[in-house]
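The values are calculated or read from the model by the stated rules, or taken from the named source; none is laboratory data. All of these numbers come straight from a predicted model, not from anything done at the bench. We place every Cβ from the backbone using ideal geometry, glycine too, and count neighbours over all the protein chains shown. Heavy atoms of the whole protein, side chains included, go into the accessibility calculation; ligands, DNA and RNA do not. Shrake-Rupley method; radii C 1.70, N 1.55, O 1.52, S 1.80 Å.
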Amino acid sequence: MNCQFCQKRDYLLENEFAYAKFSTDPTTMGHILVVPKRHVSDYNYLTDAEKQAMHELVDMGKDVLAGIYSPSDYNLSMSIAENPKGEHLYFNLIPKYIEAQNTETEIA
Ligand SMILES: [Zn+2]
């Protein structure tokens, strides 16, 4: 069996050490995964160059999301994909949207 994150498929952005793609199970519209190309199970195992490459794709992914969806904010988190070949670290870049209903400001 192969690790699904070691197979770069349907990716959105790429550089030397990492790639980014839209989540197939998005938390919110535009949820992006940033994945190191090397099969690494923990952030601390990344080289400085790999960390820099991942953060570059966070920057670029954020620009893409701003252009398409105009979110109000973003959450950035780390996760680990478990699969038969082991564990593969990735980042979640999750756009946040202002909910339409709370438009009135209450003053006590
Ligand atoms: Zn992998």
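The modelled label-to-label distance for the pair Lys62/Met78, using points 7 Å beyond Cα in the direction of Cβ, is 1.8 nm.
If you take the Cα centroid of the range 9-40 and the Cα centroid of the range 56-78, the two points sit 12 Å apart.
Across the chain, the mean sequence separation of Cα contacts (distance under 8 Å, 6 or more residues apart), normalised by length, yields a relative contact order of 30 percent.
Suppose only helical runs count, i.e. DSSP H with n ≥ 4. What mean residue ellipticity at 222 nm does that imply for the chain under -39500 (n - 2.57) per run, divided by all residues and rounded to the nearest 500 deg cm²/dmol?
Numbers: 1 runs with 21 residues, N = 108.
Helix contribution divided over all residues of the chain: -6500 deg cm²/dmol.
Dipole size of the range 9-108 about its Cα centre, with +1 on Lys/Arg Cβ and -1 on Asp/Glu Cβ: approximately 340 debye, rounded to the nearest 20. Treating r as the C-beta distance of Glu16 and Ile98 and R0 as 25 Å, the FRET efficiency rounds to 0.10.
With 15 Å as the cut-off, how large is the P(r) tail for the range 8-93, expressed as percent of Cα-Cα pairs? Of all Cα-Cα pairs in the range 8-93, 55 percent lie more than 15 Å apart. Measuring nothing but protein heavy atoms, the accessible surface of the chain at 1.4 Å probe radius is 48 percent carbon and sulfur.
Per residue, how much accessible area does the range 1-80 show when a 1.4 Å probe rolls over the protein heavy atoms, in square angstrom? Don't jump to the answer; show the numbers that get you there.
Details: 4800 Å² over 80 residues.
Value for the range 1-80: 60 Å² per residue.
Sequence-ordered 3J(HN,Hα) estimates for the range 64-76 from the Karplus curve with 6.51, -1.76 and 1.60 and θ = phi - 60° stand at 4, 5, 4, x, 8, 10, 6, x, 7, 7, 9, 10, 10 Hz, glycine and proline given as x.
Cross-link partners of Lys62 among lysines, defined as those whose alpha carbon lies under 24 angstrom from its own and excluding same-chain residues fewer than eight positions apart: Lys8, Lys21, Lys37, Lys51, Lys96.
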